[in-house]
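The values are calculated or read from the model by the stated rules, or taken from the named source; none is laboratory data. Computed from a prediction, not measured in an experiment: that's the story for all the values here. FYI the Cβ positions are ideal-geometry reconstructions off the backbone, even for glycines, and counts take in every protein chain you see.
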Amino acid sequence: MNNASASDGLTCGLLQAKSRGRFLTILPRRLCAGGTALISHIMLNPRIIQGGMGVAVSGWMLARAVSRLGQLGVVSGTALAVVLARRLQQGDPEGHLRRAISQFPYPSISDRILAEYFIEGGKAPNVPFKTIPMPTLHPRSSLVDLTVLANFVEVFLAKEGHSGVVGINYLEKIQLPTLYSLYGAMLAGVDYVLMGAGIPRAIPGVLDRLAEGLPADLPIDVADAASGEFTSSFDPVAFASGKPSPLKRPLFLAIVSSATLAIALARKSNGRVDGFVVEGPSAGGHNAPPRGPLHLSSLGEPVYGVRDVPELDKIQALGLPFWLAGSYGRPGKLAEALAQGAAGVQVGTAFAFCEESGISPELKQQALKQSRSGQARSFADPLASPAGFPFKIAPLENTLSEKSAYDTRHRVCDLGYLRRLYRKPDGTVGYRCPAEPVDVFLRKGGILEDTVGRKCICNGLPATVGLGQLRSGSTPELPLLTAGDDWASVAEFLKPGCDTYTAADVVERLLAPP
């Protein structure tokens, strides 16, 4: 859009225009000397955001299916380096990964990664996956390359063959690969970045700098260290071995649980926040802990009270679009959200068990069976996640949610995405995880009580999508499935005589008039 057309009927700032019953969000990239807004984004605010779930649960196939239906399909950005490396070792039987890799703008990098991990015909079933380096403050260049490529591949495939918009979801708690992940997603033209599980104040500014091909820094949380003492850095020029082309700056949606957090992000972030997903504790995955002292119910779950109900009027007063999440995956809930001033809803669990999601078919069928019988109930485990946030678990047979499986699993930490950083007495950074072997954690200065009930989410989530590591004696890692409270009602998406349902079935029912 040239300057003349951009200035026609537009004013500087956030504008909203009616378009076929929905809203267009028009955001200026910068202002020219005469005050004309140069437009960098004209995007339809979707009614439905498909949540970014687990490790490859919200994979490119699910996100593409939702985006082709005119809604916002979102890929999970968690541990994508692991996902790509392991799927290449499985042989990429349909060639999708290699097709995307062939479009990566730096073939010297993609050629090295293919040579390292791709196995024609796939590895033998009794052979463990080749490991990749664990994330660190100063990672090996091979891990940076793999992370950038993996995020590019996932977004490229999600955007392939349609004109819809695609987002990617990251966790603030997983900070070390964030810069490289964002750059890879932006190379593939990602339209939205969503982030929760923390306070992502620095991400908007990072997106601005990466879009311009400038070096970016990200403050890293390190226990016992001063604020800002340690940072992660990424230089697109060094990565590209030359000046890279400017990239589209994706819209940034922060996932929040309160008006206080939304206001702080809108006013104190180092760049533009474009909207919010307001998520309640009935959602799957990581939940925000209750405000105030932690109290547990008779079942051992965190108790949420009136202080945890978001003040939507204050969020709406910020003038930015917001979506409601957490038990909004049922017919009639979209209309309810719109009536409260929301732009729409974010839905995860309903999509988690559809045909296009990455969860293994066996687990889907087990979950749907429980939903049909009225036995489906997720458990908000206050201890499971090494991140320290309550984690919504779907208790299923032969998964890590079973006490016997948890008790007999040999503790190992070989992926390291949820390791916590701490400052050593000599001023260097150490890494520890309360789900790693207890004696190792204690030697690093950890506290014994922090290890109780901790589950290895890093290994359990890949196993949920068929990418579990093999241990001694060819014993596979067991899955760990997360689901929100809407798990109880997902069987309602099944049509008569069907044992499965699709993403289109979900969208159709959610958009239907109440």
- Item | Boolean, residue 54 is at pLDDT below 95 and within 19 Å of residue 326 (Cα to Cα) | yes
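Only residues that are part of a loop (DSSP other than H, G, I, E, B), under 23 Å from residue 392 (Cα atoms) and among the aliphatic types (A, V, I, L, M): list them for the stretch 297-341, please.
Selection gives 299, 303, 309.
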- Task: Please specify each residue of the stretch 185-231 satisfying the condition of being touching a Gly at 6+ places or on another chain (Cβ under 9 Å) and without any contact (Cβ under 8 Å) to a residue 40 or more places away in the chain.
- Result: 209, 216, 219
- Looking for whichever is of a type outside the set (A, V, I, L, M, F, W, C) and over 25 Å from the mean Cα position of the chain (by Cα) here; the options are 370, 366. Which one fits? 370
- Consider residue 273 against the criteria (1) out of contact with any helix residue (DSSP H, G or I) (no Cβ under 6 Å at 6 or more places or on another chain); (2) crowded, with 21+ Cβ neighbours inside 10 Å; (3) under 29 Å from residue 147 (Cβ atoms); (4) hydrophobic (A, V, I, L, M, F, W, C): it satisfies all of them except one. Which criterion is unmet? (1)
- Query: Within the stretch 457-514, can you find the residues that are of a type outside the set (A, V, I, L, M), surrounded by fewer than 24 Cβ atoms within 10 Å (Cβ to Cβ), under 25 Å from the mean Cα position of the chain (by Cα) and assigned to a helix (DSSP H, G or I)?
  - Reply: 485, 489, 505, 508, 509
- Residues in the stretch 259-267: is at least one part of a loop (DSSP other than H, G, I, E, B), under 21 Å from the mean Cα position of the chain (by Cα) and within 20 Å of residue 346 (Cβ to Cβ)? no
- Of the residues that sit in the stretch 90-112 and are among the charged types (D, E, K, R) and loosely packed, with under 14 Cβ neighbours inside 10 Å, which one is nearest to residue 131 (Cα to Cα)? 111
- Just one of the numbered conditions (1) touching a helix residue (DSSP H, G or I) at 6+ places or on another chain (Cβ under 7 Å); (2) small (Gly, Ala, Ser); (3) not in a loop (DSSP other than H, G, I, E, B) is not true of residue 430; which one? (1)
- Query: Any residue in the stretch 223-239 that is within 20 Å of the chain's Cα centre (by Cα) and hydrophobic (A, V, I, L, M, F, W, C)?
  - Reply: no
- Read through the list (1) touching a helix residue (DSSP H, G or I) at 6+ places or on another chain (Cβ under 6 Å); (2) more than 23 Å from residue 387 (Cα to Cα), then give the number of the only condition that residue 320 fails. (1)
- Message: Filter the stretch 384-427 down to the residues that are touching a Leu at 6+ places or on another chain (Cβ under 7 Å), hydrophobic (A, V, I, L, M, F, W, C) and part of a loop (DSSP other than H, G, I, E, B) and list them by number.
- Response: 387, 394, 396, 400
